[in-house]
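Below is one structure, written out as structure tokens; comments come after it.
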Amino acid sequence: MTTQTLLIELLTEELPPKALNNLGNHFAASVAEGLEKAQLIDGAAEFTAYASPRRLAVQIKNVKAVQADQKIVKKGPAVANAMKDGAPTKALEGFARGAGAKIEDLTIVHDGKQDVYAYEYIQTGKPLGELLEDIINQAVKKLPIPKVMRWGSSTFTFVRPVHGLIVLHGGDIVNVSVLGLQSGNQTLGHRFLSSGEITIENADSYAAQMREQGKVVASFVERKAVIQTALNEQAGRLKATVAADEALLDEVTALVEWPVVLEAGFEEHFLAVPQECLILTMQQNQKYFPLLDQNGKLMNRFLLVSNLQTEDPSHIIQGNERVLRARLSDAEFFYKQDQKATLESRLPKLANVVYHNKIGSQAERIERLQSIAAHIAKALGADAAAAERAARLAKADLVTEMVGEFPELQGTMGKYYTLLDGETEEIAEAIEQHYQPRFAGDRLPESKTATAVALADKLETLVGIWGIGLIPTGDKDPYALRRAALGILRMLMQYGLDVNELIQTTFDSFPKGLLNEKTPSETADFMQARLAVLLQNDYPQDIVAAVLAKQPRRLDDLTTKLQAVAAFKQLPEAAALAAANKRVQNLLKKADAALGEVNESLLQQDEEKALYAAAQGLQPKIAAAVAEGNFQTALSELASVKPQVDAFFDGVMVMAEDPAVKQNRLNLLNRLAEQMNAVADIALLGE
């Protein structure tokens, strides 16, 4: 059967830039999936998504004009229940009637379990036009649109008004109606650069015609690459690097259809303002691309992406420079105003900044942060006074003009103002870094002082918010407690601090009775669960479960333990020892009395005497290895006792009739379990 390329385009008003790429990919994938399900594609779906500010489109290869005929098998009642005394039952008659067949037209097939009556027939394939309208409408409904709108007198809804619809199969228009529009083969190009209405000749010529006649680079991916290349070329000419993340590049790509990269500049005196402020202003407000010199310092040149191509772009450049000048003047003004007061003098204003109405103000929070940070700094061997001072000033920049305008600069401006106030570099860096890590993969604080303040900040949030009952549920976590927990865990994996002790210290810093008394234990359990999630990114679930079953309170040796357990699991004796350990634990649960020391005189059989001797010899080796942090050696030593363990379970009845003998054997197994589980609960391996 002959196949051709299918093209679908929705011509819209300007789509939301931050959502554009996602919308384009979802639309294309949903249409392709619908065609696959309808068996209208020859082979696997091969499609190209297009998304520009005013259009969503998809081009799918090898689309059939008509479905292939299909053999349909409708299965009915079991043969054993379908006939009674040689006559069809009501169930069989009802099935035949529902299938539109006679009893004699039915066949018998096996459904994998039993023979059943069935009706087999050939369903003639439907033409593309009969199926495509529903496929497109379903794809439109599935789009991840948070908010829809209506336009004109239409009752249809979409993310933006839709004004045109192209549906071409090869060079032929497929007649469908979507969002109140009848399909055709005409569209519009660039608002200002296009020569007018464009008639798409066939589905395969779409991208070329849009580029040549419409001055539109329809592919988001291609347009992004064009911008990236031009930015790098311009920056290279200036011996600079572009200061921009992927999100800005994506957003700018979604704002233009015919990108042109231009160079512009601003007055050098603005460089006296911290470069983070200037970069944020350029990126966030104006969508410009700042440039950094070879030393990482901001230059007074920047790049912008215009949606217009002109012979003389000077008016575009000058207009953008004028707009940026006003923005930078605001930042300069805020910076100068903020320097008129020290951070210390701003602290009383924090009493008017509510942190949470059940917990109090930022000023009250600062008091807690100071004591927690000092406590942690002592435990880390850092300067407790420096940590306490940094915690005291950490939130003062919240009441500055600059942070009021750009909340993203909290911490950063605190660092600059702290240095201007004559504080030490150590304190300034701690103030800047105490929000780190802000997200998964973000850098950790560099110094112990900064780590102390960062831990204090996140612990106080976690314990305080949890303690007033605002616990994360499902996908709801308005106070980002999961993120705070992961940040705490990542820091503690670098330092040997007791996580439970830190939680208790933080809890004690709050006024007595303010938080739920179960908060310390509940947050410790929460941290344990988040730790499992964190570690399972790099290690199998059973290995993580085995290590965390010991409920470690120090996390700095977790990686070594996980690696040791992973190595142990590869030993030939590992599976048998894990099974034996599980058996031991089940037997120990049946103990009638408290487990204690082994009485050697009560050992009766050779097998239990041999296991006792092996356990006695094993104990000092494992204890020494664990003490030295050599967990792999400790676990590998277990392999030496496998013969004695196997012989014991083959020849010894643990639950003996003599209570003293039974208790002694349980004591022996308890001694063995302590050694087997010194590093991890190996019974969980393989689960």
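The values are calculated or read from the model by the stated rules, or taken from the named source; none is laboratory data. In this text, all values refer to a predicted model and were calculated from it rather than measured experimentally. Every residue, glycine as well, gets a Cβ built from its backbone with ideal geometry; the counts of neighbours run over all protein chains shown. Surface areas here come from the heavy atoms of the whole protein model, side chains and all, with no ligands, DNA or RNA. Shrake-Rupley method; radii C 1.70, N 1.55, O 1.52, S 1.80 Å.
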- request: Filter segment 543-562 for residues that are within 25 Å of the chain's Cα centre (by Cα), in a helix (DSSP H, G or I) and surrounded by fewer than 21 Cβ atoms within 10 Å (Cβ to Cβ) and give the result.
  value: Ala545, Leu548, Leu558, Thr559
task: Count, please, the residues in segment 655-680 that happen to be open to solvent by 10 Å² or more (accessible area, probe 1.4 Å) and not in a helix (DSSP H, G or I).
output: 6
- prompt: Taking the stated definitions as given, is Gln114 in contact with a strand residue (DSSP E or B) (Cβ under 6 Å, 6 or more places away or on another chain), open to solvent by 60 Å² or more (accessible area, probe 1.4 Å) and polar (S, T, N, Q)?
  reply: yes
task: For segment 487-507, indicate whether the set of residues that are over 21 Å from Gln551 (Cβ atoms) and either buried (at least 23 other Cβ atoms within 10 Å of the Cβ) or out of contact with any Cys (no Cβ under 6 Å at 6 or more places or on another chain) (or both) is non-empty.
output: no
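So how many residues does segment 607-632 have that are without any contact (Cβ under 8 Å) to a residue 60 or more places away in the chain, closer than 20 Å to Pro552 by Cβ and among the small types (Gly, Ala, Ser)? Talk me through it step by step, then tell me what you get.
So in segment 607-632, the residues without any contact (Cβ under 8 Å) to a residue 60 or more places away in the chain come out as 607, 609-610, 612-614, 616-628, 630.
Subset that is closer than 20 Å to Pro552 by Cβ: 622-628, 630.
When the remaining residues are screened for being among the small types (Gly, Ala, Ser), the result is 623-625, 627.
Here the count works out to 4.
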- prompt: Name the pairs whose Cβ atoms lie under 6 Å apart, with the first residue in segment 47-64 and more than 20 Å from Asn202 (Cβ to Cβ), the second part of a strand (DSSP E or B) and of a type outside the set (Lys, Arg), and 6 or more positions between them or separate chains?
  reply: Arg54/Thr12
Qualifying residues in segment 66-81 (those that are of a type in the set (A, V, I, L, M) and over 47 Å from the mean Cα position of the chain (by Cα)) - the one most open to solvent (accessible area, probe 1.4 Å): Ala80
Residue count for segment 157-213, restricted to those that are touching a Lys or Arg at 6+ places or on another chain (Cβ under 7 Å) and surrounded by fewer than 18 Cβ atoms within 10 Å (Cβ to Cβ): 2
- line: For Ala532, the lone unmet condition from (1) in the same structural domain as Thr473 (by the TED database); (2) buried (at least 18 other Cβ atoms within 10 Å of the Cβ); (3) of a type in the set (Gly, Ala, Ser) is (2)
field: Looking only at segment 274-299, and only at residues there that are farther than 15 Å from Val242 by Cβ and of a type in the set (S, T, N, Q), the one that is farthest from the chain's Cα centre (by Cα)
entry: Asn295
query: Since Pro520 meets every condition but one in (1) open to solvent by less than 50 Å² (accessible area, probe 1.4 Å); (2) over 30 Å from Gly467 (Cβ atoms), which condition does it not meet?
result: (2)
Among residues of segment 82-110, those that are part of a helix (DSSP H, G or I) and either more than 17 Å from Gln123 (Cβ to Cβ) or open to solvent by 50 Å² or more (accessible area, probe 1.4 Å) (or both), counted: 13
